[in-house]
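Asker: Before I ask anything, here is the structure I am working with.
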Amino acid sequence: AGAMYLESSTASISGASFTSCSAGAGGTIYLSSSTAAIVDMTAHGNSPEDIFSAGATYTCANLCDAGQYGNCEAATGLAASDPCYINCGMCSDCPAGTSTNGIAGAGSNSSCEACSNGYASQAGASD
């Protein structure tokens, strides 16, 4: 395994940064029958993938407040149907007239949705 190998474990990984890690699988994190909460992680140049999951469950988030979004990337190695967003960078406010409907941790500006008819929001509004 690469930088972190979790087997039959529970872990919270917050604010971690991994660069140029390598292994046969899970260059950054290898999850085997584990549960992981991953918050605000950065990963660059890891091989063969950022996260490998074998029978694991995981949640991923960034530190953006409701009404904001990060410019995140999907971690490599995971199914597109169950992505983990990493490398989010600085949080940006949703444009005026849009919101994240009270949801924090949005991974892209596509999470900023137009306000319902009869409602308005200033830039960065949460709902």
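The values are calculated or read from the model by the stated rules, or taken from the named source; none is laboratory data. As the structure is a computational prediction, the values presented were derived from the model and not from experiment. Cβ: placed from backbone, ideal geometry, glycine included. Neighbour counts: every protein chain shown. Each accessible area value is taken on the protein alone, full model and side chains, heavy atoms only, with ligands, DNA and RNA left out. Shrake-Rupley method; radii C 1.70, N 1.55, O 1.52, S 1.80 Å.
Asker: Can you find a residue in segment 94-108 that is β-branched (Val, Ile, Thr), open to solvent by less than 50 Å² (accessible area, probe 1.4 Å) and either in contact with a helix residue (DSSP H, G or I) (Cβ under 6 Å, 6 or more places away or on another chain) or without any contact (Cβ under 8 Å) to a residue 60 or more places away in the chain (or both)?
Answerer: Within segment 94-108, one or more residues are β-branched (Val, Ile, Thr), open to solvent by less than 50 Å² (accessible area, probe 1.4 Å) and either in contact with a helix residue (DSSP H, G or I) (Cβ under 6 Å, 6 or more places away or on another chain) or without any contact (Cβ under 8 Å) to a residue 60 or more places away in the chain (or both).
Asker: Take Gly77 and tell me if it is open to solvent by less than 70 Å² (accessible area, probe 1.4 Å), touching a residue at least 24 places away in the same chain (Cβ under 8 Å), on the phi > 0 side of the Ramachandran plot and under 16 Å from the mean Cα position of the chain (by Cα).
Answerer: yes
Asker: Restricting attention to segment 65-72, does a residue exist that is within 20 Å of Ala37 (Cα to Cα) and open to solvent by 50 Å² or more (accessible area, probe 1.4 Å)?
Answerer: Scanning segment 65-72, I find at least one residue that is within 20 Å of Ala37 (Cα to Cα) and open to solvent by 50 Å² or more (accessible area, probe 1.4 Å), so the answer is yes.
Conditions tested, residue by residue: (1) buried (at least 23 other Cβ atoms within 10 Å of the Cβ); (2) outside any loop (DSSP other than H, G, I, E, B); (3) among the small types (Gly, Ala, Ser); (4) modelled with pLDDT under 95.
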| site | (1), (2), (3), (4) |
| --- | --- |
| Ala1 | no, no, yes, yes |
| Tyr5 | no, yes, no, yes |
| Ala11 | no, yes, yes, no |
| Gly24 | no, no, yes, yes |
| Tyr30 | yes, yes, no, yes |
| Ala37 | no, yes, yes, no |
| Glu49 | no, no, no, yes |
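Asker: If I ask for residues that are in contact (Cβ under 8 Å) with a residue 40 or more places away in the chain and either on the phi > 0 side of the Ramachandran plot or acidic (Asp, Glu) (or both), which ones from segment 10-59 would you list?
Answerer: Gly26, Asp40
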